[in-house]
Amino acid sequence: QVQLVESGGGLVQAGGSLRLSCAASGRTFDDYAMGWFRQAPGRDRDFVAGISWEDGSTYYDDSMKGRFTISRDNAKNKLYLRMNSLKPEDTAVYYCAARDGAIMVLPEMYASWGQGTQVTVSS
């Protein structure tokens, strides 16, 4: 059973940076894709970025490209999201997710989810 635990959220001023982490356990992830999603109050859960665990290929939502960087450490079974130039509209709960297969942007395609970590960006 896949377990995902996010950390690293918090309160940051606009223009600041944060790095989110997601510790993954429960199996090997060679054939998996991992993703970061976010959900603001009253809104749908949106795709942020995804990464292939095996080869490290990445895919980003266009609005995040250039500000956010997804990465993974295979040896530590950890997933990261580096967020720069944060804006108040980036405020949301950020989730990591895992699926067996290729990167997908739809949250319903991911079988495993963490509990989320709150990111709040003040203006």
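The values are calculated or read from the model by the stated rules, or taken from the named source; none is laboratory data. Because the structure is predicted, anything quoted here is derived from the model rather than measured. Positions of Cβ are backbone-derived with ideal geometry, glycine not excepted, and every protein chain shown enters the neighbour counts. Surface areas here come from the heavy atoms of the whole protein model, side chains and all, with no ligands, DNA or RNA. Shrake-Rupley method; radii C 1.70, N 1.55, O 1.52, S 1.80 Å.
Side notes on the structure shown:
- Of the strands (runs of 3 or more DSSP E) lying entirely inside segment 37-123, those containing at least 1 residues that are closer than 22 Å to residue 10 by Cβ span 45-52, 68-73, 78-83, 92-100, 117-122.
- Candidates 107, 88, filtered to the one that is over 18 Å from residue 3 (Cα atoms) and of a type outside the set (A, V, I, L, M, F, W, C): 88
Here is a yes/no grid of residues against (1) of a type in the set (D, E, K, R); (2) touching an Asp or Glu at 6+ places or on another chain (Cβ under 7 Å); (3) surrounded by fewer than 19 Cβ atoms within 10 Å (Cβ to Cβ):
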{"position": "4", "(1), (2), (3)": "no, no, no"}
{"position": "19", "(1), (2), (3)": "yes, no, yes"}
{"position": "36", "(1), (2), (3)": "no, no, no"}
{"position": "48", "(1), (2), (3)": "no, yes, no"}
{"position": "68", "(1), (2), (3)": "no, no, no"}
{"position": "71", "(1), (2), (3)": "no, no, yes"}
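- Test: residue in segment 1-11 that is over 20 Å from residue 82 (Cα atoms) and either modelled with pLDDT under 95 or part of a loop (DSSP other than H, G, I, E, B) (or both): yes
- Residue check, residue 27 out of contact with any His (no Cβ under 6 Å at 6 or more places or on another chain), within 26 Å of residue 88 (Cβ to Cβ) and either basic (Lys, Arg) or part of a strand (DSSP E or B) (or both): no
- Residues (more than 14 Å from residue 64 (Cα to Cα) and open to solvent by 10 Å² or more (accessible area, probe 1.4 Å)) located in segment 75-100: 75, 76, 77, 78, 80, 93, 95, 99, 100
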